[in-house]
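The values are calculated or read from the model by the stated rules, or taken from the named source; none is laboratory data. Worth saying up front: this structure is predicted, and the values here are computed from it rather than measured. Cβ: placed from backbone, ideal geometry, glycine included. Neighbour counts: every protein chain shown.
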Amino acid sequence: MFDDEPHNAGLALVFTNIDPVVVRMARDLLEAGGIETFIFDDQAAQILGSTVAVKARLMVHAEAADEARERLKELGFTS
């Protein structure tokens, strides 16, 4: 689904958005369900404003990626 998934640290990309606030909302929902998350590039997205140049990325442990994507889809979060 995502071509830019990092292959280091066992993390997988599950959601991306130009608005870091939306990414943090998705993070909060996943963490409330017990899925540990990590946000990448949110500061860069804030500094540059709403631009497609740098999107904030929501990452999870690879083994939780399918469940996280399904939960986000059910809640209406789409990349």
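Points worth noting:
- Comparison of GLY34, GLY76 shows that the only residue that is part of a loop (DSSP other than H, G, I, E, B), loosely packed, with under 14 Cβ neighbours inside 10 Å and at pLDDT 95 or above is GLY34.
- The sole residue among ARG69, ARG57 that is at pLDDT 90 or above, assigned to a strand (DSSP E or B), out of contact with any Lys or Arg (no Cβ under 9 Å at 6 or more places or on another chain) and among the charged types (D, E, K, R) is ARG57.
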